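One structure below.
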Amino acid sequence: MPIDRMKTKKLISPDFFLGRLLVGVKSLCDLAWLLVCQPSRENLKFARLVLSVKPRFTMVKNRNLRMLYDLVGKVERQQLRGDIVECGVWNGGSAALMAAASMEGAIQKDLRTVWLFDSFQGLPPPGDRDGEIEKESYFPGWNKGNVAMVQDVFEKTGYPGEKLKIVPGWFNETLIRE
């Protein structure tokens, strides 16, 4: 009996245990490789931070998390003003990593406010402009984030709750153009 492609895609998505397990194993392998090939205190600090957010709080690949981490560090070193904004946060892991990077390099007196926008209802159904893969793969609740988990991961990083602004809702309702 052929395996239903839809069920397979659901099982390996990070919404389910098998998907989280796969993300976690891949992440551990990538971090081990990083530490073997480029051992340093900075990489060890980064690896610990990634392990605190993956796979429960983020699906973002390690190399992309590193890019976010390094970019926030650069912003801090250049003493640029502003907040951190993420649109589509799932469970907040990548935003928490950026906030932690901001705390490490905080040159400004006040920590940045972190603004997080997400429906917390999962992805909307595919529309006319989406491709066949998206239409075939979609299921209600796909990538459904959880506000309590977002708060939990920020608590784990030690980022002050008063500097965290979670804005639930669809982007067309929460990101108003003026």
Just how far, in whole angstrom, is the range 20-84 from the range 139-178 if you go by their alpha carbon centroids?
-> 20 Å
Top of 74, 45, 144 by mean-square fluctuation, Gaussian network on the chain, Cα under 10 Å = 45
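Under the rule of -39500 (n - 2.57) per DSSP H run of 4 or more residues, summed and divided by the residues of the chain, what mean residue ellipticity at 222 nm is obtained, to the nearest 500 deg cm²/dmol? Please list the in-between numbers first.
Working: 8 runs with 91 residues, N = 178.
The per-residue figure over the chain is -15500 deg cm²/dmol.
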On full extension of the chain, what length is gained from residue 38 through residue 139, given 0.36 nm per residue of separation minus the C-alpha to C-alpha distance?
-> 32.3 nm
Amide H contacts of residue 164 (H built 1.01 Å from N, under 5 Å, at least 5 apart or other chain) = 114
Note down the relative contact order for the chain as a percent, whole number, built from C-alpha pairs under 8 angstrom at least six residues apart.
-> 21 percent
Note the full-extension length gain between residue 52 and residue 70 as 0.36 nm times their separation in residues minus their Cα-Cα distance, in nm to one decimal.
-> 4.8 nm
By how many nm would the segment from residue 175 to residue 26 lengthen if fully extended, with 0.36 nm per residue of separation less the alpha-carbon distance?
-> 50.2 nm
Using a 1.4 angstrom probe and counting only protein chains, how large is the accessible area of residue 98 in Å², to 10?
-> 20 Å²
Give the accessible area for residue 29 in Å² (nearest 10); use a 1.4 Å probe, count only protein heavy atoms, and leave out ligands, DNA and RNA.
-> 80 Å²
As a Kirkwood estimate from alpha-carbon pairs, the range 104-167 has a hydrodynamic radius in angstrom of 14.3 Å
Pick from 24, 131, 73: which residue has the top mean-square fluctuation in a GNM of the chain where Cα pairs under 10 Å get a spring?
-> 131
Residue 162 accessible area, assembled protein chains, probe 1.4 Å, Å² | 130 Å²
On each of the three principal axes of the Cα atoms of the chain, give max minus min coordinate, whole Å, ordered largest first.
-> 58, 50, 27
For the range 18-115, just say rounded, prolate or oblate: build the C-alpha gyration tensor, square-root its eigenvalues into a ≥ b ≥ c, call rounded for a/c under 1.5, and beyond that prolate if a/b exceeds b/c, oblate if not.
-> oblate
With Cα springs under 10 Å, the Gaussian network model of the chain assigns the largest mean-square fluctuation among 62, 43, 146 to 43
Take each complete run of DSSP H in the chain, measure how far its Cα atoms stretch along the helix's own axis, and keep only those covering 20 Å or more with mean Kyte-Doolittle hydropathy at least 1.6; list them.
-> 17-37
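The values are calculated or read from the model by the stated rules, or taken from the named source; none is laboratory data. No experiment lies behind these values; they were computed from the predicted model shown. Please note that ligands, DNA and RNA were not included when accessible areas were found on the heavy atoms of the full protein model with its side chains. Shrake-Rupley method; radii C 1.70, N 1.55, O 1.52, S 1.80 Å.
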